[in-house]
1. Quick one: check the C-alpha center-to-center distance for the stretch A:37-73 versus the stretch A:74-106, whole angstrom.
2. Rounded to the nearest 500, what is the protein assembly as shown's calculated 222 nm mean residue ellipticity when only DSSP H runs of at least 4 contribute -39500 (n - 2.57) each, over all residues?
3. Separation between the A:SER22 and A:THR55 pseudo-spin-labels, each 7 Å from Cα along Cα→Cβ, expressed in nm?
4. So what is log10(I(q)/I(0)) for the protein assembly as shown at q = 0.07, 0.15 1/Å, when the Debye sum runs over its Cα atoms only?
5. Which whole-Hz ³J(HN,Hα) couplings does the stretch A:61-75 yield from phi under the Karplus relation 6.51 cos²θ - 1.76 cosθ + 1.60, θ = phi - 60°, glycine and proline marked x?
6. Report the accessible area of A:THR26, computed with a 1.4 Å probe over the heavy atoms of all protein chains in place, in Å² rounded to the nearest 10.
7. Report the charge-dipole magnitude of the stretch A:38-130 in Debye, nearest 20, computed about the Cα centre from +1 at each Lys and Arg Cβ and -1 at each Asp and Glu Cβ.
8. How big is the dipole moment of the protein assembly as shown about its Cα centre under a simple scheme where the beta carbon of each Lys and Arg is +1, that of each Asp and Glu is -1, and everything else is neutral? Debye, nearest 20, please.
Number of protein chains: 2
Amino acid sequence: MGDLQQDVTEAELAVLQALWDSGPSTIRQLVDRVYGQSGTSVYATVQKLLERLETKRCVARDRSGAVHMFRAAVHRDELIGRRLRAVADSLCGGSMTPLLTHLVEGKGLSAKEQRELRALIERLDGRKRK
Amino acid sequence: MGDLQQDVTEAELAVLQALWDSGPSTIRQLVDRVYGQSGTSVYATVQKLLERLETKRCVARDRSGAVHMFRAAVHRDELIGRRLRAVADSLCGGSMTPLLTHLVEGKGLSAKEQRELRALIERLDGRKRK
DNA sequence: TGACTCCTCAGACGAGTCGTCTTAGACTTC
DNA sequence: GAAGTCTAAGACGACTCGTCTGAGGAGTCA
């Protein structure tokens, strides 16, 4: 039922980020946080974005109060996973391994990222060894 | 100059895949390979897709002959890199590390992918050790 | 020479998406 | 009951994407 899972657009993501950072919020709070200004049109924009995020099952709405409360229904990490999977599907025949290879071989990694990768691998290696 | 690098759409990707698999080709060859049918409209469609891929600097066109030859101007791996970078930019503030973490922690990985990951890490670990 | 075929090129189409905005009506508060 | 705030529905303009049409050039061959 429903559109399985569609990707989140840029403006929608900005709202979602605000929810991740600030926790459950009202529309007005989100307007302040995302746009830093007020006005009926901006309010309606955020409202529409939340509505679309809701149909994408990315936010949940609490209708019990007089003013609706919104909270994120997906974790950032879950979204990362979806997108990685999408890349794997369209470019690697569904396998995640080429992505991993790409990252591990450090093709586009900064020095800092390479250090972090190394730490990550050592940690994982230790975990598997026992 | 030019639109830096825009993402490749699904239909465009199908053409690009054909170029990766078969090497430099004419439009007609690509039509056969991608659509498996002939006709002026399909021909024009592939032509338009190639034209757009060219402006995105993803294919190169050789105009010297009577019939133009097209070849891929990006590797699959490069495209993977672009998309990973895009995910990192929009979801991780530009850092690739969270992607790596996600993959390494095996959140969405199949058993086979996990085995491959392990092999990959051992290989890398050995390489770094010396 | 003229008909035919195959090509390139420019442009336009219909459908869909995305961010924004307007409006109408319901509810609360004083 | 007037003012202010909320929800809900819908429409807008701009853009993208896959597809298609048509004009014109170049080559071939009877």
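The values are calculated or read from the model by the stated rules, or taken from the named source; none is laboratory data. Every value quoted in this text rests on a predicted model; they were computed, and no experiment measured them. Cβ placement follows ideal geometry from the backbone for every residue including glycine, while neighbour counts extend to all protein chains displayed. These accessible areas exclude ligands, DNA and RNA; they are computed on the full protein's heavy atoms, side chains included. Shrake-Rupley method; radii C 1.70, N 1.55, O 1.52, S 1.80 Å.
1. Their Cα centres are 29 Å away from one another.
2. On the way: 12 runs with 162 residues, N = 260.
Dividing the helical sum by the residues of the protein assembly as shown leaves -20000 deg cm²/dmol.
3. Going from the A:SER22 label point to the A:THR55 one covers 2.5 nm.
4. -0.35, -1.12
5. 10, 9, 8, 5, x, 5, 10, 5, 10, 10, 9, 5, 10, 10, 8
6. Solvent-accessible area, nearest 10 Å²: 30 Å².
7. Numbers: 20 positive and 11 negative charges, 50 e Å.
The dipole of the stretch A:38-130 has a size of about 240 debye.
8. Working: 44 positive and 34 negative charges, 187 e Å.
The calculated dipole for the protein assembly as shown is roughly 900 debye.
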